[in-house]
1. Within straight cross-link reach of residue 219, meaning Cα distance under 15 Å, which aspartates and glutamates are found once same-chain residues fewer than 8 apart are removed?
2. In terms of Cα to Cα distance under 18 Å, which lysines are near enough to residue 183, apart from those fewer than 8 places away along the same chain?
3. Relative to a virtual label point 7 Å from the Cα of residue 308 in the Cα→beta-carbon direction, which members of the stretch 255-275 show backbone nitrogen distances below 20 Å?
4. At what distance in nm do the modelled label points of residue 65 and residue 263 sit from each other, each positioned 7 Å from its Cα along Cα→Cβ?
5. Consider a paramagnetic label point 7 Å from the Cα of residue 35 along Cα→Cβ; state which residues of the stretch 1-15 have an amide N under 18 Å from it.
6. How high is the relative contact order of the chain? Use alpha-carbon pairs under 8 Å, at least six apart in sequence, and give a whole percent.
7. Could you work out how far apart the two model spin labels at residue 182 and residue 249 are, taking each label as a point 7 Å from the Cα in the direction of the beta carbon, and quote it in nm?
8. Rounded to two decimals, what is Rg over Rh for the stretch 173-249 when you use alpha-carbon atoms and the Kirkwood radius?
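The values are calculated or read from the model by the stated rules, or taken from the named source; none is laboratory data. Note that the structure is predicted; figures quoted are calculated from it, not measured. Reconstructed Cβ throughout: ideal geometry from the backbone, glycine too, with neighbour counts over all protein chains shown. Note: areas computed on protein heavy atoms with side chains; ligands, DNA, RNA excluded. Shrake-Rupley method; radii C 1.70, N 1.55, O 1.52, S 1.80 Å.
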Amino acid sequence: MKLQQLSYICEVAKHQLNVTETAKSLFTSQPGISKQIRLLEEELGIEIFSRNGKHLSHVTPAGARIIERAGDVLRKVNSIKQFAQEFKSEKTGELSIATTHTQARYALPVVMAEFIKRYPDITLNMHQGTPFQIAEMAAKSEVDFAIATEGLDLFDDLVMLPCYDWNRCILVPQGHSLTSIEKLTLEAVAEYPLVTYVFGFTGRSKLDDAFSRGDLEPKVVFTATDADVIKTYVRLGLGVGIIAKMAYDEMQDADLVALDASHLFQSSTAMIGSRRGTFLRGYMFDFIRLFAPHLTREIVEQAFQSTNTRQVQELFTDLQLPSR
């Protein structure tokens, strides 16, 4: 059994059993991949893939378990390589982050700039997507960190660290009638068409919960994944916007008014997640600390040494998170 063979079966599964595309991604030949898979199956005495003629049709039940374990082995091998790299050079390497537009646009720029200043020889990659896509990438070790509010708790093999609390604001044009209300209410907001995030983005569930508790049915006329797009449609008069407070810029958005909504909605918590068992290099600890100063190396190491989500949560039971 060779690591190359384990890599091939994992990549073939990743490419939906398309051996041609797998060969292209690995810069090797299709016959070579097929031969190595056959040799592995013969050695194990089990079919990993069922076949329809010369084509792979589906993963067998036993094959699914083997591919899962092969992935674990490959991740551990990669961890050994990273461990060796840590001692070879502490300031070269690569860091991949998956996050949402709001985090990328409003929460991370200062952190990224400082990180690049400290580690100019680290290749920094950022991927954007839905919270579920982001969490899935981290769970599959396709990225080092996932940063989001929603979605990370759907994967048990992710270690999730709380970074900061945030809330929303109501966004309206200058002179809008809501600006004359002394203390905003959900009932008043619900009287207007709403422009806000797509469900599953940027704490949208907390927004829906608030209206549901008040027995209100808001009229959401437009949704987007991007706060800047929401602002655009508020400016066009399509409706009242509800966005993350951090996404409002007093200078750039001076034509709009941000009304405090912290008393209307429960706050949400931005999290940084990584696959359990990930080997964290020194610069990765520094990135976490830059993004969330309360997450010291000692606390992060304790979290990664935990065996389940409940143990991680207990570490932060009495922690007062910063707000944005």
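1. By straight Cα distance, residue 219 reaches 187, 191, 208, 209.
2. 245
3. Only 274-275 fall inside the zone, counting backbone N under 20 Å.
4. In this crude label model, residue 65 to residue 263 measures out at 5.9 nm.
5. Flagged as within label range: 1-9.
6. 20 percent
7. My value for the distance between the label points is 3.6 nm.
8. Details: Rg = 12.0 Å, Rh = 12.9 Å.
Taking Rh as the inverse mean 1/r over Cα pairs, Rg/Rh reads 0.93.
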